[in-house]
Structure formats: C-alpha cells, structure tokens
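Everything on this sheet refers to the single structure shown next.
The values are calculated or read from the model by the stated rules, or taken from the named source; none is laboratory data. The model shown is predicted, which means the values in this text are computed figures rather than measured ones. A quick note on method: Cβ atoms are made from the backbone with ideal geometry, for glycine too, and the neighbour counts reach across all protein chains shown. Each accessible area value is taken on the protein alone, full model and side chains, heavy atoms only, with ligands, DNA and RNA left out. Shrake-Rupley method; radii C 1.70, N 1.55, O 1.52, S 1.80 Å.
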Amino acid sequence: MSPVLVLGIDGVRHDALCAASTPALDRLAATGYRVPVPVSADSPTISGPCWTTIATGLSAPVHGVWDNVTPGHPVRPDFLSRIRAARPGAVTFAAAGWAPLVRPVGCGPIFAGPGLLPLADDERYDVAAADRADEAIVAGTVAALATEAPVAAFVHLGTPDLVAHRDGVGAGYRQAIETADRRAGRILAAVRDRAAATGEDWTVLATTDHGHRDGGGHGGDSVAERAAWLIAAGPGVPRQPPTVPTQAGICTLVLAAAGVGSDDAEASA
Ligand SMILES: [Zn+2]
C-alpha cells in the first residue's frame, strides 16, 4: 500500500505535452511510464464526463455525466471517497480551481469530501483566475503534504485548458503547459520531502482529461480532442503500462496503489 497523488492537468493534448519542455513530468515518467490514453469513444471530450470517468472508473454511459452542468447517476463514489470508506480515519484531499471538481455545482462534486477551491463561488474561471487558483493550489498542496498525513490526493491545475480555449494550441499554450510543469515540480518536490521525512513511498499519477482542436476548443470527436495521456510511477503501479490504457483504468490503478481491494471499493459503492 502506497500513498497516492493524482495530478490532473486540464486540457493538455498529448502531442503538445511531448513538444513542451516539461522536466518535472519527464523526470516522473522516467521512473515509470508515459502513455497516450485516448478518451473513450463512448465519452464526449468534455471535462465533466472525463474527470468523472477517471474518478469513478465508470464509462460515461454508466456514470451519466455528459456535460459540465448536469450531475450524473450516483452509481459509485470517486476514488478518494472509496479510499476513505475502506480505510476509516484516512485523510485525503482534493484541490481544484474548476468548481465542479470539488463543489456541488454543475456536474459536481466529482470528488466529494474535503477539498480546496481557492476561487470564490461567483468568480469567473478565466485564464487569470485559473492561474491564480493554480498557484494557490500548489501552495495548499505543499502545505498539506508538510503538515497533514494524506494517503491520497487529487490536485488539479487548470490554466493550460483555458489558455487553449482563448488562444488555441500555440506558443501561449506551450508556455502554460511549461508553467504547469514547474508547478507540478514544486508539488513533486514536496512529495519527495514528505517521503524523506516519513519513509513513505509515494505513487504519483499525472494525467489530463482531454485534448484540444488546433484553434482551441474540445467536446468533439477528433483525434486531437481525444489525445489524453497518463504518467504513472511509484511502488503502487506496475512498471509497464496496461496494454490498452483507459481513463477508467486510472481509477483502478489508484485504488490498487492505495491498497483498496475491489471488495472494499464495492462495499462502499
Ligand atoms: Zn477539461
């Protein structure tokens, strides 16, 4: 059983990730693997459905989240809730700038339970706000890793998605991905510090929910919009990626790394 961090960077197309300079994520991938994870054909390439699939391990037709505004069926809790249910007393946290990930608004909460949402309820989630939120999320995550004892966390960085929506897939998007990588690097350094202080051996997954069209935007059926990916490293995940990596499978990887068996998980469903 290993503590698990899932770093979700919104709207980062796989080829753009590969083209950008991302030393922190590269370093993580070097100790594990990085694979393309196309958004499943039965899911729209929209944040709500894709993050819900990652959080629950269920396909869109099963969880019923088809957009960002309408909740789905409460078929199965998110992986953080399942870990808390299986390990009473376990501390988890979710941090996100995009409200439906952690608050009961729109299709949310995708992650129920303790969460950090730096923005105000009525705040517009634009590039500037997302950038501010991402910075606060990094600070909050670093502090939580230093002062609490989380066994699992989901941490979302949202700025690259909003930059792509505004400017398309170009130089600004690349810069936003590189900024997200530096933020990821600060979080990963905090994980290493925690591991050094406690002897814990952390598993870290980094992923995205969907890609983008060249001009910016997603929700359609193109290869570019489906171009998600996964980086996984640590004692809780196999050294080799799954033969057919899926977003639903990310939930399975997290639960396995956390030592939560399928019986435990089903019992909490
Ligand atoms: Zn998204």
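Within the stretch 194-207, is even one residue farther than 29 Å from residue 236 by Cα, in contact with a helix residue (DSSP H, G or I) (Cβ under 9 Å, 6 or more places away or on another chain) and either more than 16 Å from the ligand (Cβ to nearest atom) or part of a helix (DSSP H, G or I) (or both)? The answer is no, given that none of the residues of the stretch 194-207 is farther than 29 Å from residue 236 by Cα, in contact with a helix residue (DSSP H, G or I) (Cβ under 9 Å, 6 or more places away or on another chain) and either more than 16 Å from the ligand (Cβ to nearest atom) or part of a helix (DSSP H, G or I) (or both). Only one entry in 210, 218 is in a loop (DSSP other than H, G, I, E, B), touching a Cys at 6+ places or on another chain (Cβ under 8 Å) and within 24 Å of residue 40 (Cβ to Cβ), namely 210. Would you pick out the residues in the stretch 115-126 that are open to solvent by 30 Å² or more (accessible area, probe 1.4 Å) and farther than 12 Å from residue 153 by Cα? The answer is 118, 120, 121, 122, 123, 124, 125, 126.
For the stretch 2-40, give me each residue that is open to solvent by less than 10 Å² (accessible area, probe 1.4 Å), among the polar types (S, T, N, Q) and more than 29 Å from residue 126 (Cβ to Cβ). Correct list: 2 only.
Taken as a whole, the condition of being among the basic types (Lys, Arg) and within 16 Å of the ligand (Cβ to nearest atom) applies to residue 166. So is residue 213 over 17 Å from the mean Cα position of the chain (by Cα), at pLDDT 95 or above, open to solvent by 40 Å² or more (accessible area, probe 1.4 Å) and within 16 Å of the ligand (Cβ to nearest atom) or not? So residue 213 passes the test. For the stretch 179-203, the set of residues classified as among the hydrophobic types (A, V, I, L, M, F, W, C) and within 15 Å of residue 144 (Cβ to Cβ) consists of 187, 188, 189, 190, 191, 195, 197, 202, listed by residue number. Close contacts from the stretch 30-48, counting a first residue that is within 12 Å of residue 66 (Cβ to Cβ) and a second that is of a type in the set (Val, Ile, Thr) and open to solvent by less than 20 Å² (accessible area, probe 1.4 Å), with Cβ to Cβ under 7 Å and a gap of 6+ residues or different chains, come to 43/53; 45/39; 48/65. Residues in the stretch 82-114 that are of a type outside the set (A, V, I, L, M) and crowded, with 21+ Cβ neighbours inside 10 Å: 82, 84, 92, 93, 97, 98, 100, 107, 108, 109, 111.
Taken together, 224, 258, 232 contain a single residue that is open to solvent by less than 20 Å² (accessible area, probe 1.4 Å), hydrophobic (A, V, I, L, M, F, W, C) and under 30 Å from residue 171 (Cα atoms), which is 232.
Of the numbered conditions (1) surrounded by fewer than 22 Cβ atoms within 10 Å (Cβ to Cβ); (2) modelled with pLDDT of 95 or more; (3) not in a helix (DSSP H, G or I), residue 241 fails exactly one; give the number of that condition. The single condition residue 241 does not satisfy is (2).
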